[in-house]
Amino acid sequence: MSNKLHPSTRLGEVKLKVSNLDRSLTFYQEVVGLRVLRQDNGMAELTADGETVLLVLEEVPNAFMVPKRSSSGLYHFAILVPTRKDLGLSLRRLLDSGIHIGQADHLVSEALYISDPDGNGIEIYRDRPRADWEYDSQGFVKMASDPIDWDGLLDEAKGSVWQGLSPGTTIGHVHFHVGDLHKAKQFYCDVLGFDVEADLMRQMGALFVGAGRYHHHLGLNLWAGVGAPPVPSNGTGITYFTIVVPNMEELEKTVQGVTQAGYEVEQRTDGWFVKDPSDIWVRLITEQ
């Protein structure tokens with residue numbers, strides 16, 4: 001039985017821990033452009049299309065704001081917008097907000113980087129067409145961190161009013177600090193079934209893995225240091241991210257592979273959950 005993830009596999013909702021829910025909701029609505037779908041008991045679900053949950057925020061009592069690059073855990077989660085015009089509108093909104101913006105042209109995509117009030121990293125990006133992606137002699141996708149075309153992006157947005165994120169927005173990928181890159185690779189590739197799409201372990205201590213030849217659904221890096229400890233239970237950051245497979249057969253196959261590899265899997269009402277080697281919960285569900 002193959003443990004490769006189905007090529008139609010994608011990512012679903014991400015859940016984050018925050019210190020002040022009201023403050024975070026203001027940020028994610030007014031700066032990022034998500035909308036509240038449901039809110040109750042210190043938790044809120046946010047959406048772009050009014051139906052699909054992309055982000056869950058939970059207020060943690062006595063929350064500890066985790067310093068950057070001090071622990072394994074979230075580096076950033078990435079919001080994928082459908083078009084370059086959408087990215088231009090987001091860029092203009094971020095500039096108007098006055099927050100710090102990082103940026104990079106990754107060849108396969110154009111990306112903007114920000115942080116929420118608790119220091120949780122966020123990428124907002126758009127993909128270039130797959131036909132434009134290039135690969136090296138080993139079959140790895142070519143990526144870089146070149147400067148983006150700021151003026152070109154802003155030109156795309158001219159004459160249009162920002163109305164929040166487009167309904168076609170999704171979670172494109174997540175990127176983690178890990179304490180052991182080899183253990184992370186073993187879990188996400190050998191056990192869960194992602195493929196290595198870009199191996200930069202020697203050059204920059206990073207690995208990018210995906211399903212269906214996507215440039216990456218997961219980024220893994222050592223930039224918080226080898227042996228970086230997990231985030232404490234009351235620390236801000238990620239609680240879980242979601243892997244969505246196309247049908248029950250694929251879900252059962254994936255859960256079976258994880259169990260056979262010796263990992264404890266929990267079945268809950270909203271999916272199957274397993275902890276990765278960095279204590280990040282992975283939620284497994286099906287499109288059906």
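The values are calculated or read from the model by the stated rules, or taken from the named source; none is laboratory data. Just so it is clear, the structure is predicted and the values come from calculations on it, not from any experiment. For neighbour counting, all protein chains shown are included, and Cβ atoms are generated from backbone atoms with ideal geometry for every residue, glycine included.
Being free of Cβ contacts under 8 Å to residues at least 40 places away in the same chain and not aliphatic (A, V, I, L, M), is that true of even one residue in segment 241-251? Within segment 241-251, one or more residues are free of Cβ contacts under 8 Å to residues at least 40 places away in the same chain and not aliphatic (A, V, I, L, M). The set of residues from segment 50-89 being farther than 27 Å from LEU220 by Cα, loosely packed, with under 15 Cβ neighbours inside 10 Å and either under 18 Å from the mean Cα position of the chain (by Cα) or not polar (S, T, N, Q) (or both) comprises GLY50, GLU51, PRO61. Of all residues in segment 170-218, exactly one satisfies the criterion of being surrounded by fewer than 23 Cβ atoms within 10 Å (Cβ to Cβ) and of a type in the set (Ser, Thr, Tyr), namely THR170. The set of residues in segment 23-80 that are hydroxyl-bearing (Ser, Thr, Tyr) and out of contact with any His (no Cβ under 8 Å at 6 or more places or on another chain) comprises SER24, THR26, TYR28, THR47, THR52, SER70.
Taken over segment 206-244, the criterion of being in a strand (DSSP E or B) and in contact with a helix residue (DSSP H, G or I) (Cβ under 7 Å, 6 or more places away or on another chain) is satisfied by LEU207, VAL209, LEU218, LEU220.
In segment 145-159, is there at least one residue being within 14 Å of the chain's Cα centre (by Cα), among the hydroxyl-bearing types (Ser, Thr, Tyr) and closer than 24 Å to TRP223 by Cα?
no
The test for being closer than 15 Å to GLY193 by Cα and without any contact (Cβ under 8 Å) to a residue 40 or more places away in the chain does not hold for GLN267. In the condition set (1) at positive phi; (2) in a helix (DSSP H, G or I), GLY257 is compliant with all but (1). Counted as qualifying within segment 1-47 are no strands (runs of 3 or more DSSP E), as none has 1 or more residues that are buried (at least 22 other Cβ atoms within 10 Å of the Cβ) and touching a Cys at 6+ places or on another chain (Cβ under 6 Å).
Within segment 146-174, residues that are closer than 12 Å to ARG126 by Cβ and modelled with pLDDT of 95 or more have Cβ atoms under 7 Å from residues that are small (Gly, Ala, Ser) and in a strand (DSSP E or B) in these pairs: ILE148/ALA104; GLY172/ALA78, counting only partners at least 6 apart in sequence or on another chain.
Can you find a residue that is crowded, with 22+ Cβ neighbours inside 10 Å and in a strand (DSSP E or B) anywhere in segment 144-165? Scanning segment 144-165 turns up no residue that is crowded, with 22+ Cβ neighbours inside 10 Å and in a strand (DSSP E or B). Could you please find all residues in segment 134-143 being of a type in the set (A, V, I, L, M, F, W, C) and either in a strand (DSSP E or B) or in contact (Cβ under 8 Å) with a residue 60 or more places away in the chain (or both)? Once the filter is applied, which keeps residues that are of a type in the set (A, V, I, L, M, F, W, C) and either in a strand (DSSP E or B) or in contact (Cβ under 8 Å) with a residue 60 or more places away in the chain (or both), segment 134-143 yields VAL141, MET143.
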